[in-house]
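The values are calculated or read from the model by the stated rules, or taken from the named source; none is laboratory data. Treat the numbers as computed from the prediction; the structure is a model and nothing was measured. Note that each Cβ is placed from the backbone with ideal geometry, even for glycine, and that neighbours are counted across all protein chains shown.
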Amino acid sequence: MTRLDDLFDRFPEHLSVEQLAQVLGVTKPTAYRWLQQGDIPAYKVGGGVSGRANWVIVRDEVRDHLIANRNTTGAGEVDQDQE
């Protein structure tokens, strides 16, 4: 089990926007912005005439997305911050 698993395992299978913000360590408006921009995997439901949409956020999809997009230094590269 990874540290990321430890972080996500305390949350339910489907996250609210508030829970998403909490697990990512950002504000709720930032979480909404990332959802609307497609930076975080989720499913937008509704939003018709009222303009109010609901989000279906699957915990494991978010975790997997973070793992796949981890910013690691490749082999042989030097991290500029560590020089």
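Things to note:
- Applying the criterion of being modelled with pLDDT under 90 and part of a loop (DSSP other than H, G, I, E, B) to the residues of the range 1-51, the residue that is nearest to residue 63 (Cα to Cα) is 2.
- Contacts under 7 angstrom Cβ, first residue in the range 53-65 being more than 13 Å from residue 4 (Cβ to Cβ), partner exposed (fewer than 14 other Cβ atoms within 10 Å of the Cβ) and of a type in the set (Gly, Ala, Ser), 6 or more apart: 53/46; 53/47; 54/46
- Enumeration of residues in the range 1-38 that are within 11 Å of the chain's Cα centre (by Cα) and exposed (fewer than 13 other Cβ atoms within 10 Å of the Cβ): 25, 38
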